[in-house]
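A short write-up of the structure that comes next.
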Amino acid sequence: MNNPNIVILGAGYGGIMTTVKLQKSLGVNEANITLVNKHDYHYQTTWLHENAAGTLHHDRTRIAIKDVVNTSKVNFVQDTVISIKPEEKKVKLENSELSYDILVIGLGFESATFGIPGLKEHAFTIGNINSARLIREHIEYNFAKYNNEKENDQARLNIVVGGGGFTGIEFIGELANRIPELCEEYDIDKSLVRIINVEGAPSVLPGFDPQLVEYALNSLESRGVEFITGAMLKECTADGIVYEKDDKQVEIPSYTTVWAAGVRANSIVEESGFEHNRGKIEVRKDMRSPEYDDVFVVGDCALLMNPESGRPFPPTAQIAIQAADVVAHNVKAQAQGSNELEAFEPQILGTVASLGHNDAIGVILNDRKIFGWKATVMKKIIDNRYLLKLGGIGLLLKKGKFNIFY
Ligand code: FAD
Ligand code: NAD
């Protein structure tokens, strides 16, 4: 019998960890493993807000695939997935087509714009290395332009962030650190710059511990951030946004709107005709799609229900990394002809969010609240732990975060 073809789509947290696990556990004579990714690097999505604000260069965030994947054991294909044809067991790529016996879908998330007019055309999103770099360069361009025009244009210095979930808040934290540096660099009075967060819920970080939310607000407001809560962003144009609060519509002039108000699964899943729940595949306990025994899903394309709350688990890197262990185990079992598949049960170890490079908040094991330097250190430990898990001590030393003050 021929070796089974295992094809993994996407080298995000879920896809790359599944690949690395499989390359260790399956011999070259047992299966052909192919990893497909748009770029020749893996990026840590959880660091992109730093790249977008310009507090961390994007080369720190991306990791060459060849540095963590053994290309003598895994066939790496740099290409873009166009569609999946599960009935034919084929994947259409931009430049070729692949056949599989076992498929792992790890194509990640994309921004959800909920049909709000103008967002797709005019807002920036923090979704990958290129979109993050664009935000950084766009802000710098506007700061550079400000003093080169006859009339000062305040819209160049107003930065609107739509959504005060973890992404919005972490980005704002970095911006609050970066703006004073940019002001010095571009001869701008820093009191002129406005960072404005527009959040639809009555408070930012809805559902998170109220004391820690208050801590975050104090930390960010003390660095000049303005929060407009209970306000839905309704429209975005090239020159600004409109939000609605208390039945009144208000405009803010701005050339920089960063949309951080929610994510959905990669739309390839829905467009390929998989049965889905708001764009995601509601997987079985063993991480297979409900329709196809040979299709596994990992990361943000998978919907996992939390039996305790009756709601889906939030899409996080933490869960994607944990799920990869089970997916790799089950793919290996299937490739070896076994039906003994493991069930995945996410273990939520905590949530830690940065508020810039020197402040953070978090809830860790047993609901312990942390903030300030302790949370900052914890965030770096989480980041470094992932690097160690992915690429060992070499990768940790190359890309790790060791300076607790920066
Ligand atoms: P992703 O990380 O989204 O990666 C998908 C991969 O697929 C990418 O390599 C991409 O290039 C590739 N790809 C996409 N489309 C195609 C295509 N058509 N063809 C080929 N390749 C393709 N979660 C946490 O747990 N902790 C945090 O601190 C945290 N911080 C975050 C900070 C930010 C700014 C953001 C935006 C998210 C954060 N998250 C965090 C959420 C977390 O990043 C996601 O849940 C996680 O990235 C999902 O991983 P994934 O494996 O599904 O795919
Ligand atoms: P989210 O869905 O968690 O938050 C989006 C926010 O936008 C919500 O507060 C919502 O009320 C608001 N919103 C929605 N529509 C709006 C509108 N029209 N106008 C104004 N506000 C609006 O999305 P996210 O912050 O991008 O996070 C995505 C996932 O990534 C989540 O699962 C999150 O937990 C995870 N994440 C985790 C971390 C961390 O652990 N440190 C950091 C970033 C992201």
Residues satisfying the stated conditions in the range 330-373, i.e. loosely packed, with under 13 Cβ neighbours inside 10 Å and outside any loop (DSSP other than H, G, I, E, B)
368
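Have a look at 159, 82, 135, 139 and point out the one that is not in a loop (DSSP other than H, G, I, E, B) and not assigned by TED's automatic domain parsing to the domain that holds residue 180.
On the way: 159 fails: not assigned by TED's automatic domain parsing to the domain that holds residue 180; 135 fails: not assigned by TED's automatic domain parsing to the domain that holds residue 180; 139 fails: not assigned by TED's automatic domain parsing to the domain that holds residue 180.
After ruling out the rest, the residue left standing is 82.
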Matching residues, the range 119-134, being away from ligand 2 (no atom under 12 Å from the Cβ) and of a type outside the set (Lys, Arg):
121, 122, 124, 128, 129, 130, 131, 132, 134
Unmet criterion (only one of (1) in contact with a helix residue (DSSP H, G or I) (Cβ under 7 Å, 6 or more places away or on another chain); (2) not hydrophobic (A, V, I, L, M, F, W, C); (3) not in a strand (DSSP E or B)) for residue 257
(3)
Go through (1) more than 29 Å from residue 89 (Cα to Cα); (2) surrounded by 17 or more Cβ atoms within 10 Å (Cβ to Cβ); (3) within 13 Å of ligand 2 (Cβ to nearest atom) one by one and return the number of the condition residue 396 breaks.
(3)
Go through the residues of the range 44-55 one by one and say whether even a single one is aromatic (Phe, Trp, Tyr), in contact with a His (Cβ under 9 Å, 6 or more places away or on another chain) and in contact (Cβ under 8 Å) with a residue 40 or more places away in the chain.
yes
Could you list, in sequence order, the residues of the range 7-64 that are touching a Lys or Arg at 6+ places or on another chain (Cβ under 7 Å), more than 16 Å from ligand 2 (Cβ to nearest atom), in a loop (DSSP other than H, G, I, E, B) and farther than 20 Å from residue 104 by Cβ?
54
Any residue in the range 239-247 that is of a type in the set (Ser, Thr, Tyr) and more than 30 Å from residue 83 (Cβ to Cβ)?
yes
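If the requirement is being of a type outside the set (A, V, I, L, M) and farther than 24 Å from residue 123 by Cα, which of these qualifies: 312, 253?
312
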Taking the range 93-141 on its own, how many of its residues are aromatic (Phe, Trp, Tyr) and under 14 Å from the mean Cα position of the chain (by Cα)?
1
Among (1) surrounded by fewer than 19 Cβ atoms within 10 Å (Cβ to Cβ); (2) within 23 Å of residue 239 (Cβ to Cβ), there is one condition residue 123 misses while meeting the rest; what is its number?
(1)
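Would you mind finding the one in 34, 19, 45 that is surrounded by fewer than 22 Cβ atoms within 10 Å (Cβ to Cβ) and out of contact with any Pro (no Cβ under 8 Å at 6 or more places or on another chain)?
Details: 19 fails: surrounded by fewer than 22 Cβ atoms within 10 Å (Cβ to Cβ); 45 fails: surrounded by fewer than 22 Cβ atoms within 10 Å (Cβ to Cβ).
Going through 34, 19, 45 in turn, just one is surrounded by fewer than 22 Cβ atoms within 10 Å (Cβ to Cβ) and out of contact with any Pro (no Cβ under 8 Å at 6 or more places or on another chain): 34.
How many residues are in a loop (DSSP other than H, G, I, E, B), of a type in the set (Ser, Thr, Tyr) and within 15 Å of ligand 2 (Cβ to nearest atom) when one looks only at the range 179-238? It would help to see each step written out before you state the result.
Within the range 179-238, the subset in a loop (DSSP other than H, G, I, E, B) is 186-189, 193, 200-209, 222-224, 230-231, 238.
Restricting the remaining residues to those that are of a type in the set (Ser, Thr, Tyr) gives 186, 203, 222.
Still in the running and within 15 Å of ligand 2 (Cβ to nearest atom): 203.
Residues flagged as in a loop (DSSP other than H, G, I, E, B), of a type in the set (Ser, Thr, Tyr) and within 15 Å of ligand 2 (Cβ to nearest atom) within the range 179-238 amount to 1.
The values are calculated or read from the model by the stated rules, or taken from the named source; none is laboratory data. Values in this document were obtained by computation on a predicted structure and should not be read as measured data. Note that we place each Cβ from the backbone using ideal geometry, even for glycine, and neighbour counts take in every protein chain shown.
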